[in-house]
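Have a look at the structure below before the remarks.
The values are calculated or read from the model by the stated rules, or taken from the named source; none is laboratory data. Bear in mind the structure is a predicted one, so any value in this text is a computation, not a measurement. Cβ sites come from the backbone with ideal geometry, for glycine too, and all protein chains shown count toward neighbours. Please note that ligands, DNA and RNA were not included when accessible areas were found on the heavy atoms of the full protein model with its side chains. Shrake-Rupley method; radii C 1.70, N 1.55, O 1.52, S 1.80 Å.
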Amino acid sequence: MTTAGRAVDALAEPVEPVGRGWTSALSLANGAIWVGWYGPLQILLASQAKDFAPGSGMSKETMLAWVTGAGAVVSLVANPFFGALSDRTTARRGRRTPWIVAGAAGGAASLLLLAGAGGPWTMALGWCLVQLTLNAAFAAVTAAVPDRVPRLQRGAVGGWLGAAQVLGVVGGTGLAAAAGGVGAGYSACALFTLAGVLPYVMAYEDLRLPESERPARSRRAFLAGFWLSPRRHPDLGWAWLTRFLINLSNALVLLYLLYYLRDRLHRDDPEQGVLVLTAVNGLTLLATVVAGGVWSDRVGRRKPFVIWSGVLMAAATAALATWQTWPGAIVAAAVLGVGFGVFTSVDFALMTDVLPTALDRGKDLGVINVANALPQVAAPALAAPIVTHLGGYRVLYLVAAVIGLGGALLVGRIRGVE
């Protein structure tokens, strides 16, 4: 295909199915990014907060909440910003590939900075840089799907991306737990994050945007583009709110999981407990994430899958509040995995189905992905006072269940998707 032909394809609705190799390489890149996020989130940041809290005037819970919240604020801005930049990139290597490379390299360097953190301020700076850089890569990876994948293949591709996400969470947690220390854990995550994107960027050519199709440079128009009016795009608004609420519920479950096991269930080795629960959750999620996406593609429907997966997740979250034992935690982790697997693949396909324009795919998906990052800001603000003053972990998980159920039911308000 000529360069001109490929340039036109950059804004065309894709019709040619992608192959297994392309899907596998993009999924590996996605999983590598999640390793860089969840090794710190599941183990390393909590361990550093425990070490740095004495003498700081903050509890370990409060310090962890402030650090993860600050990183989430950066993520809120970074994902749509870099998505918009990739939409407008006319580089020879394409719109998305340069940002995948730069983001992964920057993320690896930022993780190494965290490895040498000597106090809470360096820890917070390092985590904010990790969020900034890895969101650049993540925005480009997710935008590659509506660029290249036909609508009725997006559930399956979203399923494989979701499977890679789970393996990234499990792999990041495993690397962090098995590396033999905080510094070694960060170094292992950094190496994997950088190496994991290489097969995709080296083996597959990206679609190029011609200069003639690039919007005129205008700071005002660029900034105005980040507001997607719910009145003009109601389906996008409801889809965004659904994703936000279900992700907020999940974030409330995960944020203090290490402390829940230590302080409420009195596990002797809570770090190992987190790894076990993450593995159980990952196995059941892997069992449904691809199958749910493929099934959704075959029947041509999205909403019923998202609704019932959200209801199932809310029920499992409520079980953490009412069945506070180690077996209860294992069962809840397994059921959450089943629900979140279906939600991950089908909701991603649903999001790509409601995008307004081809030119702004990266930016619009970045705005949608704010619904992934904003819960990381809201969760600490909600969780810290609930755990410390308003009833503890039982109330926390009941609140999380109600929020997730609300998100599931609101999917019915989307009108333009079957």
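Checking R267 against (1) under 15 Å from I330 (Cα atoms); (2) part of a helix (DSSP H, G or I), only one condition comes out false. Which one?
Every listed condition holds for R267 apart from (2).
Is it true that V67 is hydrophobic (A, V, I, L, M, F, W, C), crowded, with 24+ Cβ neighbours inside 10 Å and within 18 Å of L132 (Cβ to Cβ)? Break it down stepwise before answering.
Working: hydrophobic (A, V, I, L, M, F, W, C): yes; crowded, with 24+ Cβ neighbours inside 10 Å: yes; within 18 Å of L132 (Cβ to Cβ): yes.
Against the criterion (hydrophobic (A, V, I, L, M, F, W, C), crowded, with 24+ Cβ neighbours inside 10 Å and within 18 Å of L132 (Cβ to Cβ)), V67 qualifies.
State all residues of region 277-293 that are buried (at least 18 other Cβ atoms within 10 Å of the Cβ) and either within 14 Å of D347 (Cβ to Cβ) or at pLDDT 85 or above (or both); if no residue qualifies, say none.
If we filter region 277-293 for residues that are buried (at least 18 other Cβ atoms within 10 Å of the Cβ), which is where we start, we get 277-278, 280-282, 284-286, 288-290, 292-293.
Result: L277, V280, T284, L285, L286, T288, V289, V290, G292, G293.
Say whether the condition of being closer than 19 Å to G155 by Cβ, of a type in the set (S, T, Y) and in contact with a Phe, Trp or Tyr (Cβ under 7 Å, 6 or more places away or on another chain) is met by at least one residue in region 315-326. Can you show your working first?
We begin by selecting, within region 315-326, every residue closer than 19 Å to G155 by Cβ; these are none.
No, region 315-326 contains no residue that is closer than 19 Å to G155 by Cβ, of a type in the set (S, T, Y) and in contact with a Phe, Trp or Tyr (Cβ under 7 Å, 6 or more places away or on another chain).
Going residue by residue through region 370-377, is there one that turns out to be modelled with pLDDT of 80 or more, of a type in the set (G, A, S), within 14 Å of the chain's Cα centre (by Cα) and surrounded by fewer than 24 Cβ atoms within 10 Å (Cβ to Cβ)?
yes
Which of the numbered conditions does V274 fail, given that it passes all the others? Conditions: (1) within 18 Å of I43 (Cα to Cα); (2) free of Cβ contacts under 8 Å to residues at least 12 places away in the same chain.
Going through (1) within 18 Å of I43 (Cα to Cα); (2) free of Cβ contacts under 8 Å to residues at least 12 places away in the same chain one by one, V274 breaks only (2).
Between L152, L161, L129, L125, which is surrounded by fewer than 24 Cβ atoms within 10 Å (Cβ to Cβ) and within 29 Å of V18 (Cβ to Cβ)?
Values: L161 fails: surrounded by fewer than 24 Cβ atoms within 10 Å (Cβ to Cβ); L129 fails: within 29 Å of V18 (Cβ to Cβ); L125 fails: within 29 Å of V18 (Cβ to Cβ).
Criteria check complete, one pass: L152.
Determine whether region 244-258 contains at least one residue that is more than 22 Å from G69 (Cβ to Cβ) and crowded, with 17+ Cβ neighbours inside 10 Å.
There is no residue in region 244-258 that is more than 22 Å from G69 (Cβ to Cβ) and crowded, with 17+ Cβ neighbours inside 10 Å.
Considering only region 28-58, how many residues are polar (S, T, N, Q), out of contact with any Ser or Thr (no Cβ under 6 Å at 6 or more places or on another chain) and buried (at least 24 other Cβ atoms within 10 Å of the Cβ)? Don't jump to the end; show me each part of the working.
Residues of region 28-58 that are polar (S, T, N, Q), as a first pass: 30, 42, 47-48, 56.
After this cut, where a residue has to be out of contact with any Ser or Thr (no Cβ under 6 Å at 6 or more places or on another chain) as well, the list is 30, 47-48, 56.
Next, from what is left, pick out any that are buried (at least 24 other Cβ atoms within 10 Å of the Cβ): 30, 48.
Adding up the residues that qualify gives 2.
Only one of (1) hydroxyl-bearing (S, T, Y); (2) within 16 Å of A349 (Cα to Cα); (3) under 18 Å from the mean Cα position of the chain (by Cα) is not met by S249, so which one is it?
That leaves (2) as the condition not met.
Surrounded by fewer than 23 Cβ atoms within 10 Å (Cβ to Cβ), of a type in the set (S, T, Y) and modelled with pLDDT of 85 or more, is that true of T3? Explain how you work it out, then say what you get.
On the way: surrounded by fewer than 23 Cβ atoms within 10 Å (Cβ to Cβ): yes; of a type in the set (S, T, Y): yes; modelled with pLDDT of 85 or more: no.
Spelling it out, it is not the case that T3 is surrounded by fewer than 23 Cβ atoms within 10 Å (Cβ to Cβ), of a type in the set (S, T, Y) and modelled with pLDDT of 85 or more.
Can you name the number of the only condition in (1) crowded, with 19+ Cβ neighbours inside 10 Å; (2) more than 20 Å from G116 (Cα to Cα) that V73 fails?
It is condition (1) that V73 fails.
With T357, T352 as the choices, which residue is open to solvent by less than 20 Å² (accessible area, probe 1.4 Å), hydroxyl-bearing (S, T, Y) and over 18 Å from N281 (Cβ atoms)? Explain how you work it out, then say what you get.
Values: T357 fails: open to solvent by less than 20 Å² (accessible area, probe 1.4 Å).
Sole residue among the options that is open to solvent by less than 20 Å² (accessible area, probe 1.4 Å), hydroxyl-bearing (S, T, Y) and over 18 Å from N281 (Cβ atoms): T352.
Condition (residue is touching a residue at least 60 places away in the same chain (Cβ under 8 Å), farther than 24 Å from D51 by Cβ, among the aliphatic types (A, V, I, L, M) and surrounded by fewer than 22 Cβ atoms within 10 Å (Cβ to Cβ)) applied to region 165-184: is it met by at least one residue?
yes
For the subset of region 189-203 comprising residues that are assigned to a helix (DSSP H, G or I) and crowded, with 18+ Cβ neighbours inside 10 Å, which member is nearest to the chain's Cα centre (by Cα)? So that I can check it myself, show each step before the final result.
Initial filter on region 189-203 (assigned to a helix (DSSP H, G or I)): 189-196, 198-203.
Still in the list and also crowded, with 18+ Cβ neighbours inside 10 Å: 189-190, 192-194, 196, 200-201.
Details: C189: 16, A190: 18, F192: 17, T193: 15, L194: 18, G196: 17, Y200: 19, V201: 21 Å.
The residue in question is T193.
Any idea which residue in region 18-27 is farthest from F138 (Cα to Cα), counting only those that are open to solvent by less than 40 Å² (accessible area, probe 1.4 Å) and of a type in the set (S, T, N, Q)?
T23
I need the full set of residues from region 317-349 which are open to solvent by 20 Å² or more (accessible area, probe 1.4 Å), among the aliphatic types (A, V, I, L, M) and more than 26 Å from R394 (Cα to Cα), in order please.
Hit for region 317-349 is V342, nothing else.
Which condition number in (1) open to solvent by 40 Å² or more (accessible area, probe 1.4 Å); (2) farther than 30 Å from W238 by Cβ is the one that R298 fails?
(2)
Would you confirm whether any residue within region 138-150 is in contact with a helix residue (DSSP H, G or I) (Cβ under 9 Å, 6 or more places away or on another chain), over 15 Å from L41 (Cα atoms) and free of Cβ contacts under 8 Å to residues at least 24 places away in the same chain?
Start the filter on region 138-150 by keeping residues that are in contact with a helix residue (DSSP H, G or I) (Cβ under 9 Å, 6 or more places away or on another chain), which leaves 138-149.
Checking which are over 15 Å from L41 (Cα atoms) leaves us with 138-149.
So of that shortlist, the ones also free of Cβ contacts under 8 Å to residues at least 24 places away in the same chain come out as none.
Within region 138-150, none of the residues are in contact with a helix residue (DSSP H, G or I) (Cβ under 9 Å, 6 or more places away or on another chain), over 15 Å from L41 (Cα atoms) and free of Cβ contacts under 8 Å to residues at least 24 places away in the same chain.
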